[in-house]
Amino acid sequence: MVVVGLIASVLGIALGLIIDWFPTQGSKQAEKIDTFWDVLIICSVPFFVLVTTVVLFSVKTFRMRPGEEHLDGPPIHGNTRLEVVWTAVPAIMLVALCSYAYITLHDIEKAPAASLGPERQITVNGQQFTWTFDYDEGGKKFSSAQLYVPIGRSVKFNVKTKDVLHDFWVPAWRMKIDAVPGITTDYRITPTRAGTWPVVCAELCGLGHAFMRQTAHVVPQADFDKWVTKMTTRTAAPAPAAGGGAAVDAKALFTQGETTSGATACGACHKLADAGTAGGVGPDLDQALKGKDAAFIKQSIVDPNAVIAKGFNANIMPDNYAKLLSADEIDALVKYLGEVAGK
Ligand code: HEC
Ligand SMILES: [Cu+2]
């Protein structure tokens, strides 16, 4: 049994360490969390093997054989030494692992040194079924549906919800926390790897939970500054003159949502022949918008819960487009949908 247990433990630990459990390490915090995970694997596999081996051995050796149905088992008296050992060893391990976990968490949640300058704070708002990120960059406030953070700088997320429980999670950063109605929760990370990472909701929050996915962009400081400038000058920009170059591309806005605001793409949820999108979460706009006027289309975008399309549920289409899109962008969308839907 000892030999079998040893071999199984070594194989189990090797397997546990070889398997690539997590996505790319995208933050400073990720390394310590992944190491902690490995330590947990190394400590828990031998116990799993021990229990399983003893159970299997006992089933084989001490099982009831034909003719023994009415026999009593052998009387068992306690074994003090054994009991002390099997209580003490797990207790010591538990205390040790809890202490290690506490120290790790404490360590990765520490605020950055003051000498690095003020830490960036981003307010994360969860709502069925979208995330909105509120920035305050040197007094300039704006909201975005896409999360942008500069690489290498600590950022603190203050997480809120407008309705039910959500959970703000960027797997590549490892940290995650519930968004709880009525309170603000928080965590901080320092992104170490440039790239785009999925932002997901990790708390079942209703029918559209699976669509509550956005993107975190980790970019060099210079690109971040450019993005902030774009976001803060957007609303102040004068409306493009007729035929002017800066007109909104409504079709691109519909299909990609990758506009200045980066709002969730309409096409992800809606079918529209002209845009070539096939989303099935919301109504097929070619059918739904037949004979509808601009006022109706506009209301459907800025206040989607005012009228709920038949056969669909309220609160699935994000109700924050009025905040995320500029007035020009909304007007362009309304005009575009009025022209192409059902044609
Ligand atoms: C997460 C999915 C989702 C996204 C993203 C989304 N919608 Fe919707 N949309 C819905 C659902 C579900 C409905 C039906 C419920 C309702 O009327 O609110 C709907 C309804 C509509 C309607 C009314 C249709 C009718 O029959 O009354 C219009 C118009 C519309 N959406 C346009 C848009 C536009 C434009 C965008 C992008 C700016 C967009 N939607 C983004 C899910 C979405
Ligand atoms: Cu959710």
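Calculate how many DSSP beta bridges within the chain are antiparallel, expressed in % of all such bridges and rounded to the nearest 5.
If we restrict to bridges inside the chain, about 75 percent are antiparallel.
Name the residues whose placed amide hydrogens come within less than 5 Å of the amide hydrogen of Asn158, ignoring near sequence neighbours (fewer than 5 apart) on the same chain.
Ile122, Thr123, Val124
Give the residue list of GluC sites (Glu not before Pro) in the range 44-105 that are DSSP loop and have at most 13 other beta-carbon atoms within 10 angstrom.
Counting only loop positions with at most 13 other Cβ atoms within 10 Å, the GluC sites (Glu not before Pro) in the range 44-105 are Glu68, Glu69.
Please give the per residue volume of the convex hull enclosing the alpha carbon atoms of the chain, rounded to a whole number of Å³.
Considering the Cα atoms of the chain, their hull volume per residue is 233 Å³.
Taking H placed 1.01 Å from N in the peptide plane, check which residues at least 5 places from Thr277 or on another chain put their amide H under 5 Å from its amide H.
The list, which skips near neighbours in sequence, is Leu272.
For the range 250-340, build the convex hull from the C-alpha positions and give me its volume per residue in Å³.
Roughly 82 Å³ of hull volume per residue.
Roughly what % of DSSP beta bridges within the range 114-234 run antiparallel, to the nearest 5?
70 percent
Expected output is a single nm value to one decimal: the length gained when fully extending between Lys162 and Lys60, i.e. 0.36 nm times separation in residues minus the C-alpha distance. What is it?
Between Lys162 and Lys60, full extension yields an extra 31.0 nm.
Have a look at Thr80, Thr24, Thr132 and tell me which one the Gaussian network model of the chain (Cα, springs below 10 Å) gives the largest fluctuation.
Judging by the Gaussian network model, the answer is Thr80.
Where in the range 128-163 are there trypsin sites (Lys or Arg not before Pro) that are in a DSSP coil and have at most 11 other Cβ atoms within 10 angstrom of their Cβ?
Loop-located and lightly packed - none at all.
Within 10 Å of each candidate Cβ there may be at most 11 other Cβ atoms; applying that plus a DSSP loop requirement, which trypsin sites (Lys or Arg not before Pro) in the range 60-89 survive?
For trypsin sites (Lys or Arg not before Pro) across the range 60-89 that sit outside H, G, I, E and B with at most 11 neighbouring Cβ atoms in 10 Å, the list reads Arg63.
Using only C-alpha positions, report the orientation-averaged shadow area of the convex hull of the range 114-234, nm², one decimal.
7.4 nm²
Could you check which residue among Met212, Met317, Met93 shows the biggest mean-square fluctuation in a GNM of the chain with a 10 Å Cα cutoff?
Met93
Restricting to the range 5-160, compute how many DSSP beta bridges are antiparallel as a %, nearest 5.
60 percent
Values quoted throughout were computed directly from the atomic coordinates according to the rules given, and no laboratory measurement underlies them. Just so you know, these numbers come straight off a predicted model, no measurement behind them. Ideal geometry is used to build each Cβ from the backbone, glycine not excepted, and the neighbour counts take in all protein chains shown.
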